[in-house]
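Encoded as structure tokens, the structure appears first; notes follow it.
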Amino acid sequence: MQSAQTAAASATQAGQNSSGGSFGTVYRVILDEKDPFLKNKQDAIGNEASYVGAILYRLSSQAMADENSLPVAYPYDKNFKTIPLRNETVEIINSGTGQSFYKRITAESSPNSTADEKFISTNFPAQKLDTDSAKDIAKVQATGIAKTNVNASEKYDGLGNYFKRTPGIHKLKLYEGDTILESRFGQSIRFSGYNNPKNVFSPTIIIRNNESVNSLKKVIMFPSEEDINRDGSIIALTSDQYQLEFQPGVIDDKGTSNFTTKPESFDNYPSKLIGDQILLNSGRIILSAKSGEMIFYSKKNYGFISDGGMSIDNKLGIDVTVRDNIHVMTNDRDVAFQTGKGHIFLGNENLEAMVKGETLVALLGELIDAIANQNYLTPSGPSKVGPENLSKFASIKSKLNTVLSKLNQTS
């Protein structure tokens with residue numbers, strides 16, 4: 001039985017497909033308006049930029065003098081382009097208006113590339129003079145017959161100028177009725193209704209960038225499925241019975257996470273991530289509102305759970321309004337309000353100034369000493385120094401430091 005690649009090669013050499021269209025081999029892909037092929041060229045529209053995305057191709061029945069004689073084909077769908085590679089087989093569609101269009105075809109085990117990098121030089125060899133031999137040059141001059149042992153088509157070997165085959169990128173696993181867009185590079189968008197273990201109707205959209213390293217290790221013949229925990233970046237919009245098996249942090253091959261902090265303060269943390277929900281999971285997430293507001297609404301509880309610290313840097317102030325108690329648990333850690341020369345207000349009615357503990361103790365000590373040393377002038381002369389209960393004042397003074405907090409301080 002012919003392989004898909006062999007069948008495609010045979011069809012290309014024949015130049016026709018079963019429906020009467022044509023197959024072509026890609027020689028060049030025009031990626032931008034600076035492509036050397038476009039020098040001094042204009043199409044019917046009148047500008048070089050309209051060539052961007054087009055290819056130069058060859059049918060087996062075509063003779064080719066040089067690359068400039070190759071016909072041009074444009075992307076079949078102007079709004080959805082999937083760019084072929086050099087040496088790849090495409091379907092050529094003639095519009096009847098003088099323009100040709102192309103579609104990528106052929107069966108493949110990986111969306112990355114299964115094209116033969118030497119397809120052109122093997123199937124369409126072009127000969128040129130081997131100028132390294134003066135003897136051969138003389139022979140050509142004498143006989144007019146050129147030496148033809150050098151294959152000029154070898155310059156087309158490869159898949160492009162910088163494209164390299166990436167082994168291990170899988171096709172996506174399919175579910176009945178799926179609509180899938182997948183690139184050569186492990187990116188994909190899936191619209192599905194039944195991609196859950198019980199195949200219960202639960203519409204989902206999954207956008208993925210970069211297949212996970214763990215998945216790339218698997219045998220290429222078996223399709224892969226999005227991994228919300230390990231794929232490079234992923235956005236999942238799910239509903240009903242689709243359950244997100246989400247784990248925070250980096251997950252190893254055995255399914256263990258390096259994330260250690262638990263949601264201890266989060267009341268009613270969901271036990272199952274099902275229903276209408278959106279997950280965005282990546283190595284880093286940046287949200288920016290460059291000219292307007294950033295607004296967050298949550299009907300129920302919301303929380304921030306992190307293995308690291310939390311910081312807020314605002315140019316303006318912070319206003320917080322709550323309608324319930326506030327609990328702060330520091331687990332034996334300090335709380336510091338470094339206000340500089342700013343004020344701290346506790347309460348908002350009948351405010352009075354706070355006292356400094358050490359200063360108050362010193363003043364009370366001086367007051368007790370003054371009481372202990374007091375005497376009075378009498379008609380018979382000065383009274384003796386100090387009251388009769390002097391020892392009690394001394395005892396009170398010895399206890400003054402007990403009014404000082406051992407934890408809290410103020411300036």
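As for region 280-291, it holds at least one residue that is out of contact with any helix residue (DSSP H, G or I) (no Cβ under 9 Å at 6 or more places or on another chain), in contact (Cβ under 8 Å) with a residue 40 or more places away in the chain, of a type outside the set (Gly, Ala, Ser) and not in a loop (DSSP other than H, G, I, E, B). Within region 61-112, restricting attention to residues that are on the phi > 0 side of the Ramachandran plot and crowded, with 18+ Cβ neighbours inside 10 Å, the residue that is modelled with the lowest pLDDT is 106. Determine whether residue 177 is crowded, with 17+ Cβ neighbours inside 10 Å and either touching a residue at least 40 places away in the same chain (Cβ under 8 Å) or closer than 26 Å to residue 104 by Cα (or both). For residue 177, the condition - crowded, with 17+ Cβ neighbours inside 10 Å and either touching a residue at least 40 places away in the same chain (Cβ under 8 Å) or closer than 26 Å to residue 104 by Cα (or both) - is not met. Residues to consider are 319, 324, 313, 307; find the one that is assigned to a loop (DSSP other than H, G, I, E, B), of a type outside the set (Val, Ile, Thr) and closer than 20 Å to residue 260 by Cα. None of the others qualify; the one that does is 307. For residues in region 185-223 being under 23 Å from residue 82 (Cα atoms) and of a type in the set (Phe, Trp, Tyr), which is surrounded by the most Cβ atoms within 10 Å (Cβ to Cβ)? Checked region 185-223; the qualifying residue surrounded by the most Cβ atoms within 10 Å (Cβ to Cβ) is 191. Note on region 292-326: residues that are touching a residue at least 24 places away in the same chain (Cβ under 8 Å) and either more than 25 Å from residue 228 (Cα to Cα) or under 25 Å from the mean Cα position of the chain (by Cα) (or both) amount to 4.
When residues in region 115-124 are screened for being assigned to a loop (DSSP other than H, G, I, E, B) and buried (at least 16 other Cβ atoms within 10 Å of the Cβ), 4 of them pass.
Residue-level analysis places residue 208 outside the set of residues that are assigned to a loop (DSSP other than H, G, I, E, B), closer than 19 Å to residue 285 by Cα and among the basic types (Lys, Arg). Here is the figure for region 344-391: residues that are on the phi < 0 side of the Ramachandran plot and not in a helix (DSSP H, G or I) total 26.
Residues checked against (1) farther than 30 Å from residue 405 by Cβ; (2) loosely packed, with under 10 Cβ neighbours inside 10 Å; (3) modelled with pLDDT under 95:
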site	(1), (2), (3)
266	yes, no, yes
277	yes, no, no
284	yes, yes, no
337	no, yes, yes
359	no, yes, yes
371	no, no, yes
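The set of residues in region 27-50 being touching a helix residue (DSSP H, G or I) at 6+ places or on another chain (Cβ under 8 Å) and modelled with pLDDT of 90 or more consists of 27, 28, 30. Quick check on residue 227: is it in a loop (DSSP other than H, G, I, E, B), assigned by TED's automatic domain parsing to the domain that holds residue 187 and farther than 21 Å from residue 280 by Cβ? For residue 227, the condition - in a loop (DSSP other than H, G, I, E, B), assigned by TED's automatic domain parsing to the domain that holds residue 187 and farther than 21 Å from residue 280 by Cβ - is not met. May I ask you to verify whether residue 169 is over 25 Å from the mean Cα position of the chain (by Cα), modelled with pLDDT of 90 or more and crowded, with 18+ Cβ neighbours inside 10 Å? When the stated conditions are applied, residue 169 does not pass them.
The values are calculated or read from the model by the stated rules, or taken from the named source; none is laboratory data. Everything quoted here is computed from the prediction, not taken from an experiment. Cβ sites come from the backbone with ideal geometry, for glycine too, and all protein chains shown count toward neighbours.
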